[in-house]
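The values are calculated or read from the model by the stated rules, or taken from the named source; none is laboratory data. Note that the structure is predicted; figures quoted are calculated from it, not measured. As a convention, Cβ positions derive from the backbone with ideal geometry for all residues, glycine included, and neighbour counts pool all protein chains shown. Surface areas here come from the heavy atoms of the whole protein model, side chains and all, with no ligands, DNA or RNA. Shrake-Rupley method; radii C 1.70, N 1.55, O 1.52, S 1.80 Å.
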Amino acid sequence: SRAGDRVAVMLATQPPQIVMRELTADSAGVRELLEQLPRPTANADWPRAVGDAWNLLRDYGQAPRRDVIAITDRQKLGWADPATLAQWQSLGRRFQAQRDARKDDPSFAAPAVWAVTLGEAKPGPNLRLAPLQTSRTVAGVGQRLRFTTALHWENLEDSRPPKRIQATIGDETKQLSRPTRLEGASGRFALTFDHRFTALGVPLVSIVVEPDEGQDVLPADNRQDLAIEVVQELPVLLIDGDKQVSAESATFHLTKAFADPADKAKVSFIVPRVVTHFDFDPESMLAKASPPPRAVVLADVPHLTEPQLAGLTRFVEAGGGLLIFIGLRAEQTYYNEQLYRGGKGLLPARLDGMEAAKPDRAVSIDVKRFLHPALELFREEPNCTLGQAGYTRWWKATAETHGRGTPVALLTNDDPWLIEKTHGQGRVILSTLPMDRSWDGHLPKTWEFPVLAHELVFALADVRSGGFNLSPGQALRLQPAGALPTSITLLKPDGKASTRTATAWPFL
């Protein structure tokens, strides 16, 4: 810092901590504070920290030059993992909108964002596998899933390929194609394989790379695992915003997309139950339902009663999935005050009102900027019709950083179409376009609509798989079906076993 510079200090934790709240020119005091900070632990939330720093400089900074300096240790989680990359995209759009709105204001100076990386400059040679990914970790019996990962190499001095790359699905083993040579000191080789699951259960899908001699100094990243839940059916509760369910009501096209279970010509693993919002009873339809729904759809519901909202909130917090789509019936004030609640409620974003455009200024869905794994197959489809229709009406919504809502699909004018957030153990997706024939009514007319409906519901049902696949720092949460055991044995990644006594359920 130079003479006259003012500085604030923030820790990029979850949530970020402002340890020096006011911009100060006391550089000696800042240095002393830095020396007294505890050693950082846990996971970082970089987009939110940078967003908070930007807001601080925007609101209280006075200098013509303002800088946000992010000091990072190269840890991918919280910086460059898929969820964080989507948060960066959202933050970048917000920054750009603020710059554009105040471009004629001479008192406003947009902060510059810098990244300073600490750590070893050049580690030894290493082969590693990227995280194993698929569009969803819940599949129906007989369904085929595509898995993707990549072989990365760094700091190599020769071009020898690894000895083998092997995928294991349950008891089945597949040898994957290797590159004939590893070009350059660093590089990447994409790996893709398909598998059809034929039996109920939770098979483990693993991929392992076996390096040649002298190619690897870090064997811990040579393996990736993913558990897949294979189900016979997926019960879903559809709550219709109309007074009665009919061919014109909000759930009609979704129900057709999932198909009638009695219709043998259309096989669907999703088993829908449809009720109006007047008839929705959370106690019998969620808490005591047998089997309970894996996901709930709020289909253009105007509002909920207090008991209905409380029951739905408990369902999501316990690990349920919720899809909300809104149209003409949705009451903006209720959604913002009761469902959004300043970012603390179920709704992933604040509703700013319904937008209308003339036909020559209609917006469409931007397929090329889909950011959710459930939407990957549409982005790669050359004949996808989702982005061909124009919409003259849609809801405008703002996903604020502190609300943890992340836009995962956009319209061509940069407004969000799909916004996602986690809430408790569950997940919520908001669609700013209705999924019925109201307004422009284009979505149900596309040939991809049944596939889209299935992918979104399967993605929301994924949260129940949180007991199988964990993010770093996430607690293992067990709630066994049937009789509850008194002890649990954990087999750790290092091969050591640990037996615990379960004193309460769920077991954490």
Legend entry - Identity of the residue in region 138-157, open to solvent by 20 Å² or more (accessible area, probe 1.4 Å) and more than 16 Å from F189 (Cα to Cα), that ends up nearest to the chain's Cα centre (by Cα): R146
Inset, instruction - Scan region 116-126 residue by residue and report those that are open to solvent by 30 Å² or more (accessible area, probe 1.4 Å) and either in contact with a Phe, Trp or Tyr (Cβ under 6 Å, 6 or more places away or on another chain) or not in a loop (DSSP other than H, G, I, E, B) (or both). - result: V116, T117
Legend entry - Subset of region 209-224 (residues that are out of contact with any Leu (no Cβ under 6 Å at 6 or more places or on another chain) and touching a residue at least 60 places away in the same chain (Cβ under 8 Å)): G214, V217, L218, D221, N222, R223
Inset, instruction - Please find, among L476, L484, the residue that is at pLDDT below 90, in a loop (DSSP other than H, G, I, E, B) and open to solvent by 70 Å² or more (accessible area, probe 1.4 Å). - result: L484
Legend entry - Matching residues, region 167-211, being farther than 16 Å from A130 by Cβ and assigned to a strand (DSSP E or B): T168, I169, E172, T173, K174, Q175, D194, H195, R196, G201, L204, E210
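Pick out the one residue from V451, V457 that is under 30 Å from A227 (Cα atoms), open to solvent by 20 Å² or more (accessible area, probe 1.4 Å), among the β-branched types (V, I, T) and in a helix (DSSP H, G or I). Show your work before the answer.
Working: V457 fails: open to solvent by 20 Å² or more (accessible area, probe 1.4 Å).
Residue meeting the stated conditions: V451.
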Legend entry - Considering residues of region 327-362 that are out of contact with any Lys or Arg (no Cβ under 7 Å at 6 or more places or on another chain) and buried (at least 21 other Cβ atoms within 10 Å of the Cβ) only, the residue nearest to K396 (Cα to Cα): L351
Inset, instruction - Quick one: Q87 ticks every box in (1) surrounded by 15 or more Cβ atoms within 10 Å (Cβ to Cβ); (2) in a loop (DSSP other than H, G, I, E, B); (3) in contact with an Asp or Glu (Cβ under 9 Å, 6 or more places away or on another chain) except a single one, so which number is it? - result: (2)
Inset, instruction - Determine if region 258-278 includes at least one residue that is over 27 Å from the mean Cα position of the chain (by Cα) and part of a helix (DSSP H, G or I). - result: no
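Scanning region 417-448 for residues that are on the phi > 0 side of the Ramachandran plot and open to solvent by 10 Å² or more (accessible area, probe 1.4 Å), which turns out farthest from the chain's Cα centre (by Cα)?
Checking each candidate, the answer is W439.
I'd like to check something: does region 165-173 contain any residue that is small (G, A, S) and open to solvent by 50 Å² or more (accessible area, probe 1.4 Å)? Walk me through it before giving the result.
The first filter runs over region 165-173 and keeps only residues small (G, A, S), leaving 167, 170.
From what's left, open to solvent by 50 Å² or more (accessible area, probe 1.4 Å): none.
Looking through region 165-173, none of the residues is small (G, A, S) and open to solvent by 50 Å² or more (accessible area, probe 1.4 Å).
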Legend entry - Count - residues of region 229-255 that are crowded, with 22+ Cβ neighbours inside 10 Å, under 30 Å from Q133 (Cα atoms) and out of contact with any Lys or Arg (no Cβ under 9 Å at 6 or more places or on another chain): 1
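Is region 208-222 home to any residue that is on the phi > 0 side of the Ramachandran plot and either modelled with pLDDT of 90 or more or surrounded by 13 or more Cβ atoms within 10 Å (Cβ to Cβ) (or both)? Don't jump to the end; show me each part of the working.
The initial filter retains those residues of region 208-222 that are on the phi > 0 side of the Ramachandran plot, namely 214.
Subset that is either modelled with pLDDT of 90 or more or surrounded by 13 or more Cβ atoms within 10 Å (Cβ to Cβ) (or both): none.
There is no residue in region 208-222 that is on the phi > 0 side of the Ramachandran plot and either modelled with pLDDT of 90 or more or surrounded by 13 or more Cβ atoms within 10 Å (Cβ to Cβ) (or both).
Can you spot a residue in region 260-273 that is open to solvent by less than 20 Å² (accessible area, probe 1.4 Å), touching a Ser or Thr at 6+ places or on another chain (Cβ under 9 Å) and at pLDDT 90 or above? Working first, answer last.
Step one: filter region 260-273 for residues open to solvent by less than 20 Å² (accessible area, probe 1.4 Å), giving 270.
After this cut, where a residue has to be touching a Ser or Thr at 6+ places or on another chain (Cβ under 9 Å) as well, the list is none.
No, every residue in region 260-273 fails to be open to solvent by less than 20 Å² (accessible area, probe 1.4 Å), touching a Ser or Thr at 6+ places or on another chain (Cβ under 9 Å) and at pLDDT 90 or above.
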Legend entry - Count of residues meeting criterion [surrounded by 14 or more Cβ atoms within 10 Å (Cβ to Cβ) and within 14 Å of the chain's Cα centre (by Cα)] in region 46-81: 3
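Which residues, counting only those in region 98-115, are out of contact with any helix residue (DSSP H, G or I) (no Cβ under 8 Å at 6 or more places or on another chain), open to solvent by 60 Å² or more (accessible area, probe 1.4 Å) and in contact (Cβ under 8 Å) with a residue 24 or more places away in the chain? Steps first, answer last, please.
Applying the first criterion (out of contact with any helix residue (DSSP H, G or I) (no Cβ under 8 Å at 6 or more places or on another chain)) to region 98-115 yields 99-107, 109, 112, 114-115.
From the residues that got through so far, the ones that are open to solvent by 60 Å² or more (accessible area, probe 1.4 Å) too are 99-104, 106-107, 114-115.
Within region 98-115, W114, A115 meet the criteria.
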